[in-house]
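A short write-up of the structure that comes next.
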Amino acid sequence: MDGAKAALGREAGTAHTDTTADETGRSGAARPASGFGTTSPDDAGPPAAVGAPLPREATYTDPAFLPEDERMQPAELRVVREYLGLTGDWLAAHLQVSGRTVRAWEAGRHPIPDAVRLEVEALEQHTAEFVGAAAARLAGIDDPGVWTYRSDDEYHAAHPESFFPAAWHRAVVARIAYEVPGLRIAYPAPEQG
């Protein structure tokens, strides 16, 4: 270990440099010299409180000119959602629709609105940018390592500003590991109560 901890940026976990980056990428407080450090998410926050009861299901409408061959397909929605490590219920809460609505889209019972496609693409883009930035920061570090989390509760205790679930974080770490050979992945030590 080279004594320094690398700043990973937001959701990915930790590495071996002296600081972590805040949501703007600026360096933050120094981290302990031993073990793994933590990072925070790179997002501005959820559009609605995830898990909170929704006052009313959102309604999505398509532009009149949307060609059917440009519409997101049911299999595409499910594959992308699973690739991002997101559950149907998480995506439903994020989109402010019911879980039943997401299941209907994925089953092909209802067409997927274009605004949903755009939001899913934004989640994909955010995730890809984060993975790329984290992998770039970790690539030059001797013995890089990251933390990931066992549960949403553990993840949100470490990153209360994040609206993503722990499964998203684990999926991100897996993608980073693919780009950073030898990346060590661990869970943080359980809190002693």
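Every number here is computed from the coordinates shown, using simple stated rules; none is lab data. All of these numbers come straight from a predicted model, not from anything done at the bench. With ideal geometry, Cβ positions are generated from the backbone for all residues, glycine too; neighbour counts draw on all protein chains shown.
Between residue 161 and residue 187, how many nm apart are label points set 7 Å from Cα along the C-beta direction?
2.6
Once amide H atoms are built 1.01 Å from N in the peptide plane, which residues 5 or more positions from residue 97, or in another chain, come under 5 Å H to H?
58
Just to be sure I understand the model, the point goes 7 Å from the Cα along the line to the Cβ. What's the resulting residue 98 to residue 128 distance in nm?
Simple spin-label model gives 3.4 nm for this pair.
Using only the Cα atoms of region 68-123, what are the Rg and Dmax in Å?
Both quantities, over Cα of region 68-123: 10.0, 28 Å.
Looking at region 144-193, which GluC sites (Glu not before Pro) are DSSP coil and have at most 16 other C-beta atoms within 10 Å of their C-beta? Show your work: numbers first, answer last.
Numbers: sites: 154, 161, 179, 191; in loops: 161, 191.
Loop-located and lightly packed - 161, 191.
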